[in-house]
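Here it is, the structure in full.
The values are calculated or read from the model by the stated rules, or taken from the named source; none is laboratory data. Because the structure is a prediction, the values reported are computed rather than measured. Neighbour counts are summed over all protein chains in view; Cβ atoms, including those assigned to glycine, are modelled from backbone coordinates with ideal geometry.
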Amino acid sequence: MKLRTQWDAVCSVSDLVADSGIAVWTSAGPVAIFYLPYHLPALFVVSHTDPVTGANVMARGITGYLKGQPVVASPLYKEHYNLRTGVCLEDESVQLTTYSVLLDGDQIRLEVPQQKRHSKPDQSTAAA
């Protein structure tokens, strides 16, 4: 069964910082959005949580390029993560979650798992 997703607006273009990341909260948890204006695509989204330490710090990582790939270095232990795949360059068994992202006018939208809708209780079975 395919997981249902939705596109959530999480910030605007004016919130982005060139060659850097920002942290935003989504229905899937905290994520880091990186804007690399001289790279195509220019937007990358990964989990804000460092998979080694569990700290929410990835948006504060330093961006750059290693082996021709866009990366972010964790601000804690300096592991490098490929922004396209989320894979750690130093230890391929460690990975950040990546998210699909799109620019919709001035809004940045992320593809996240669709939230379950709770049905209202049946009034006929409610206790009087």
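State all residues of region 65-90 that are out of contact with any helix residue (DSSP H, G or I) (no Cβ under 9 Å at 6 or more places or on another chain), among the hydrophobic types (A, V, I, L, M, F, W, C), surrounded by 14 or more Cβ atoms within 10 Å (Cβ to Cβ) and not in a loop (DSSP other than H, G, I, E, B); if no residue qualifies, say none.
Start the filter on region 65-90 by keeping residues that are out of contact with any helix residue (DSSP H, G or I) (no Cβ under 9 Å at 6 or more places or on another chain), which leaves 65-71, 73, 76-80, 82-90.
This time we only want the ones that are among the hydrophobic types (A, V, I, L, M, F, W, C), so: 66, 71, 73, 76, 83, 87-89.
Those left that are additionally surrounded by 14 or more Cβ atoms within 10 Å (Cβ to Cβ): 71, 73, 76, 83, 87-89.
Matches in region 65-90: V71, A73, V87, C88.
Okay, next question. Within region 35-94, take every residue that is aromatic (F, W, Y) and free of Cβ contacts under 8 Å to residues at least 24 places away in the same chain and give me the one that is farthest from D106 (Cα to Cα).
Of region 35-94, the ones aromatic (F, W, Y) are 35, 38, 44, 65, 77, 81.
Going one step further and asking which of them are free of Cβ contacts under 8 Å to residues at least 24 places away in the same chain, we end up with 35, 38, 65.
Working: Y35: 14, Y38: 19, Y65: 27 Å.
So, considering only residues that are aromatic (F, W, Y) and free of Cβ contacts under 8 Å to residues at least 24 places away in the same chain, the one farthest from D106 (Cα to Cα) is Y65.
Out of all the residues in region 19-35, is one or more at pLDDT below 95 and more than 17 Å from the chain's Cα centre (by Cα)?
No.
Pull up region 1-58, narrow it to residues that are part of a helix (DSSP H, G or I) and among the hydrophobic types (A, V, I, L, M, F, W, C), then point me to the one that is surrounded by the fewest Cβ atoms within 10 Å (Cβ to Cβ).
V13
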